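**Student:** Structure in structure tokens, see below.
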Amino acid sequence: MNVFPLPLPTPASLPAAVLWDMDGTIVDTEPYWMRAETELVAEFGGVWTHDDGMLLVGSGLWNSAAILQSRGVDLTPDAIVARLTDRVQEQLAEHGIPWRPGSRELLQQLKVAGVPTALVTMSVERMARQIIDLIDFAAFDVVVAGDMVENSKPHPDPYLVAARQLGVNPAECIAIEDSGPGVESAVAAGTITIAVPHQIDLPESALYTRWSTLEGRTIHDIAALFHSSERSDSAAPVHSLAPHRVRPQRKRTTRMSSNQVIQNSGLFRIGDRVQLTGPKGRMNTITLQEGLTFHTHRGILAHDDIIGQPDGSVVTNNVGVEHLALRPLLVDFVMSMPRGAAIIYPKDAAQILAQADIFPGATVVEAGVGSGALSLWLLRAIGPAGRLASFERREEFADVARDNIATFLGNDPQNWTITLGDLAETLPDTMPSHSVDRVVLDMLAPWECLGAVSEALKPGGVLLCYVATVTQLSRVAEAIRGTGFYTNPDSNETMIRGWHVEGLAVRPDHRMIGHTGFLITARRLAPDTILPELKRRPSKTDFSDADVEAWTPGALGERNVSAKVMRKRVRAAGSSAELSKARGLDAG
């Protein structure tokens, strides 16, 4: 094979960096680790099998040390890590680098093309440096080792640290991994991930691209995969062997394709989201996939041990630690789902449903979709007979919302449309006059849309605005009054304080969910109706237009999500949606 396939791809077609796992991906050191583990456990009178060793593949060394302690190794975690590393380094010195097929050639091609590279390994730095020193070319620009990061794989920290040190966006990097924990880490960091299974097979998944081997792979395959992840059409690249997710072009208004309801109960299935609660109350949410594992510093829990169990089961990991497994409620999901924009908290969503009087069969307009949290509550309230028309100016926010809703529902609801564009311009073309029962506005300047909203609302219909600041509240209230089309607006905010109740210890929680936003509601008057003027004594509430402008100068400002963070969230939301939809197809 030609190590340098010419011509090389252009720099613009290549990723910002390629981040490499070491053990099992570049070098075949896993047998060395298993031998070191077996010898150490035997030294303390225990037995360590090949299957035991397979459970540790891809794990952080300190996670592995905790498991070895549970098998009778009477040493501190640091001492265990040192002993294992010493033994593996002895074998490396004796036998040299056991290259995995194709890894050396691909690494060399990347360096010739000038692509930055990082070694991201859970081995300690001194061992990573030993392997780098044995390579006969300058293979890596950055090294991130297990003793250099706070959190081991499958936490995203190792890959995030590597990208930060290289000065690149993780979403523009390709990561190459061989193990479940490593793949989970790379995906969670937002990278384009290639899984090359070695000791443990990895299933096909929308979360990553699966290559059976690196042998025969070239830099052109890397460029093709990177190009496919950036494309917006549906054509698949020649070199992409796995079902890598490609986002199609969307029309301005998209009607969702299915109204099937996926039963969110019964036995756990592949594609289900599961909330795991550990012994100290710490919660983690995972998406079940066959063959994958969930890692903590207290052991490893196989997804296969959860699949097929009833909701509300207690499952035990490989060292006997119990976890409660439950499907997340909607309130749990919206607080943990990928976010493009800030969400409306459940406490406010509940008040919106009540104060706007959202009812089954209602036609509702929502503007400012954000990440889709309120859309989920509205869809549940209106039921299949209702209609939700959502409007969003930013396409990336709409993408996250679509995928979050598909993730939770398991399908794209048929009674929901999402329109890209400014509400004041697009609402008249989308909804006939006086056809809308309820309007919910979550935007920076809702007063700018009152003309279009007033035309769309039925007489007696409810307008509700969610605003964050006092200045916005004042301005929208006066704008609503100024139209002459509405009842006098009512405004309020909701604060929730929890209580600690355990035996006779009954007291308020030390923390509470305080101010998140104001709700202001008003009802549409019938055409040509003049609202009777409220009789009141003159007070300081009288003001002029100049006073309003001085109080609300208009430059309210908008906090934008960075492109880096947005790409990561779009990728995470899309992957979850694909898995959830696949679950629904399998159930059918």
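**Student:** Can you find even one residue in region 42-54 that is buried (at least 22 other Cβ atoms within 10 Å of the Cβ) and in contact (Cβ under 8 Å) with a residue 40 or more places away in the chain?
**Tutor:** Checking region 42-54: not a single residue is buried (at least 22 other Cβ atoms within 10 Å of the Cβ) and in contact (Cβ under 8 Å) with a residue 40 or more places away in the chain.
**Student:** Something else: Taking residue 160 as the residue in question, decide whether it is of a type in the set (A, V, I, L, M, F, W, C), in contact with a Pro (Cβ under 8 Å, 6 or more places away or on another chain) and in a helix (DSSP H, G or I).
**Tutor:** yes
**Student:** A further question follows. So which of 134, 119 is closer than 20 Å to residue 219 by Cβ and in contact (Cβ under 8 Å) with a residue 12 or more places away in the chain?
**Tutor:** Being closer than 20 Å to residue 219 by Cβ and in contact (Cβ under 8 Å) with a residue 12 or more places away in the chain holds for just one of 134, 119, which is 119.
**Student:** So, one more: Would you check if there is a residue in region 3-14 being open to solvent by less than 40 Å² (accessible area, probe 1.4 Å) and either of a type in the set (Gly, Ala, Ser) or modelled with pLDDT of 85 or more (or both)?
**Tutor:** Yes, the conditions are met somewhere in region 3-14.
**Student:** Which pairs have Cβ atoms under 9 Å, sit 6 or more apart or on different chains, and link a residue in region 308-321 that is under 18 Å from residue 272 (Cβ atoms) and polar (S, T, N, Q) to one that is in a strand (DSSP E or B) and open to solvent by less than 40 Å² (accessible area, probe 1.4 Å)?
**Tutor:** 309/315; 309/325; 313/325
**Student:** While we're looking at this one, here's another question. Residue 163 - would you say it is touching a Phe, Trp or Tyr at 6+ places or on another chain (Cβ under 9 Å), of a type in the set (A, V, I, L, M) and crowded, with 24+ Cβ neighbours inside 10 Å?
**Tutor:** No; evaluated as a whole, the condition is false for this residue.
**Student:** A further question on this structure: From the residues in region 83-110 that are among the aliphatic types (A, V, I, L, M) and in contact (Cβ under 8 Å) with a residue 40 or more places away in the chain, which one is farthest from residue 52 (Cα to Cα)?
**Tutor:** The extreme case among them is 110.
**Student:** Of all residues in region 102-122, how many are open to solvent by 20 Å² or more (accessible area, probe 1.4 Å) and under 11 Å from residue 26 (Cβ atoms)?
**Tutor:** Count: 1.
**Student:** Can you work out which of the residues in region 371-412 that are among the small types (Gly, Ala, Ser) and within 14 Å of the chain's Cα centre (by Cα) is surrounded by the most Cβ atoms within 10 Å (Cβ to Cβ)?
**Tutor:** Only one residue fits best here, namely 372.
**Student:** So which strands (runs of 3 or more DSSP E) are wholly in region 431-500 and hold at least 2 residues that are within 14 Å of residue 366 (Cα to Cα) and in contact with a Ser or Thr (Cβ under 9 Å, 6 or more places away or on another chain)?
**Tutor:** Correct list: 436-441, 457-467.
**Student:** Let me spell it out: the conditions are (1) farther than 23 Å from residue 346 by Cα; (2) open to solvent by less than 10 Å² (accessible area, probe 1.4 Å), and residue 446 meets all of them except one. Which number is the exception?
**Tutor:** Failing condition for residue 446: (1).
**Student:** Anything in region 416-430 that is open to solvent by 20 Å² or more (accessible area, probe 1.4 Å), in a helix (DSSP H, G or I) and of a type outside the set (A, V, I, L, M)? List them, or say none.
**Tutor:** 425, 428, 429, 430
**Student:** Evaluate the following for residue 202: is it at pLDDT below 90, part of a loop (DSSP other than H, G, I, E, B) and open to solvent by 10 Å² or more (accessible area, probe 1.4 Å)?
**Tutor:** So residue 202 does not fit the description; no.
The values are calculated or read from the model by the stated rules, or taken from the named source; none is laboratory data. Please read these numbers as outputs of a predicted model, since none were measured by experiment. Positions of Cβ are generated from backbone atoms using ideal geometry, with glycine treated the same way; all protein chains shown enter the neighbour counts. The accessibility values were calculated without ligands, DNA or RNA, using every heavy atom of the protein model including side chains. Shrake-Rupley method; radii C 1.70, N 1.55, O 1.52, S 1.80 Å.
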